[in-house]
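Single-structure report; data block below.
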Amino acid sequence: MKVIVGLGNPGRRYEGTRHNIGFQVVAELVRRFAAGSRPKAKFDGEIIESNVDGQPTCFVYPLTFMNESGRCVGQIVDFYKIILSDLLVVCDDFQLPLAKLRFRPDGSHGGQNGLEDILQRLATFEVPRLRIGIGPLRTGWNPADFVLSRFDSEERPRMEAAVVRAADAARVWIHDGLAVAMNQFNRDPIEPTDVQSKDR
């Protein structure tokens, strides 16, 4: 069983905020691989069990609010006896440039409160994560206010593309593992103009 956890805050008030990009990625994966499936309310969250090209996979939305995400994730890891290499946490990161993807196999929480709670609950830094850039932090903004803000009209198309690319990345992680996914998606995507300039 692979488990993909998207971090965010429940409720309409938080829909579309920067902090909920993890929810959006999981929603895209559910749309692709579990359309029509009804989520189960379990483990202080909603889970959808599916199959991604032959691989049993569980998609998770913690409903504990961001700062207590570890309560949901810990229950799932304990119940399914998940080894941590089969767990992927998808979350926002205001320290990364807008729409940048970055896989990491381990490390600190980097200021992401949901990830921090998960690391504390599991008592390890060795939790694979896919971070999605929502930054940079705007001058004069408090980080807590910034992550709960929404993307402006110029940012929105880039973030919609980032959600699609993050779902592609999660699928590669499921089938080919973290090292392959890191090599493929930690680099910025090549734009058509870049290809043209190299051919000249």
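The values are calculated or read from the model by the stated rules, or taken from the named source; none is laboratory data. Source: prediction; values computed, not measured. Quick reminder, even Gly has a Cβ in these numbers, built from the backbone with ideal geometry, and neighbours come from all protein chains shown. Note: areas computed on protein heavy atoms with side chains; ligands, DNA, RNA excluded. Shrake-Rupley method; radii C 1.70, N 1.55, O 1.52, S 1.80 Å.
Scan the stretch 1-24 and tell me whether some residue there is under 23 Å from ARG158 (Cα atoms) and among the acidic types (Asp, Glu).
There is at least one residue in the stretch 1-24 that is under 23 Å from ARG158 (Cα atoms) and among the acidic types (Asp, Glu).
Take the stretch 47-62 and flag every residue that is open to solvent by 30 Å² or more (accessible area, probe 1.4 Å) and closer than 17 Å to ILE21 by Cβ.
Across the stretch 47-62, the qualifying residue is only TYR61.
Residue pairs, Cβ under 8 Å, 6 or more apart or interchain, first in the stretch 156-179 and in contact (Cβ under 8 Å) with a residue 24 or more places away in the chain, second among the small types (Gly, Ala, Ser) and open to solvent by 50 Å² or more (accessible area, probe 1.4 Å). List them.
Here the result reads LEU178/SER85, each pair linking the stretch 156-179 to a residue that is among the small types (Gly, Ala, Ser) and open to solvent by 50 Å² or more (accessible area, probe 1.4 Å).
When only residues in the stretch 89-109 that are touching a strand residue (DSSP E or B) at 6+ places or on another chain (Cβ under 7 Å) and open to solvent by 30 Å² or more (accessible area, probe 1.4 Å) count, which is nearest to ALA169 (Cα to Cα)?
ARG102
Report every pair of residues separated by at least 6 positions or lying on different chains whose Cβ atoms are under 9 Å apart, first residue within the stretch 1-27 and under 16 Å from THR57 (Cα atoms), second open to solvent by 10 Å² or more (accessible area, probe 1.4 Å) and basic (Lys, Arg).
Cβ pairs passing all conditions: MET1/LYS81.
Hey, any hits in the stretch 99-120 for a residue that's modelled with pLDDT of 95 or more, assigned to a strand (DSSP E or B) and touching a helix residue (DSSP H, G or I) at 6+ places or on another chain (Cβ under 6 Å)?
Yes, there is a match, as at least one residue in the stretch 99-120 is modelled with pLDDT of 95 or more, assigned to a strand (DSSP E or B) and touching a helix residue (DSSP H, G or I) at 6+ places or on another chain (Cβ under 6 Å).
Have a look at ASP106, ASP117, ASP145 and point out the one that is acidic (Asp, Glu) and without any contact (Cβ under 8 Å) to a residue 12 or more places away in the chain.
The unique qualifying residue is ASP145.
Among the residues in the stretch 30-44, are any in contact (Cβ under 8 Å) with a residue 40 or more places away in the chain and crowded, with 18+ Cβ neighbours inside 10 Å?
Among the residues of the stretch 30-44, not one is in contact (Cβ under 8 Å) with a residue 40 or more places away in the chain and crowded, with 18+ Cβ neighbours inside 10 Å, which makes the answer no.
Look through the stretch 1-28, keep the residues that are among the aliphatic types (A, V, I, L, M) and touching a Phe, Trp or Tyr at 6+ places or on another chain (Cβ under 6 Å), and return whichever of them is modelled with the lowest pLDDT.
Across the stretch 1-28, the extreme among qualifying residues is MET1.
Please go through the stretch 142-164 and pick out each residue that is of a type outside the set (Val, Ile, Thr), crowded, with 16+ Cβ neighbours inside 10 Å, under 17 Å from the mean Cα position of the chain (by Cα) and in a helix (DSSP H, G or I).
Of everything in the stretch 142-164, those that are of a type outside the set (Val, Ile, Thr), crowded, with 16+ Cβ neighbours inside 10 Å, under 17 Å from the mean Cα position of the chain (by Cα) and in a helix (DSSP H, G or I) turn out to be MET159, ALA162.
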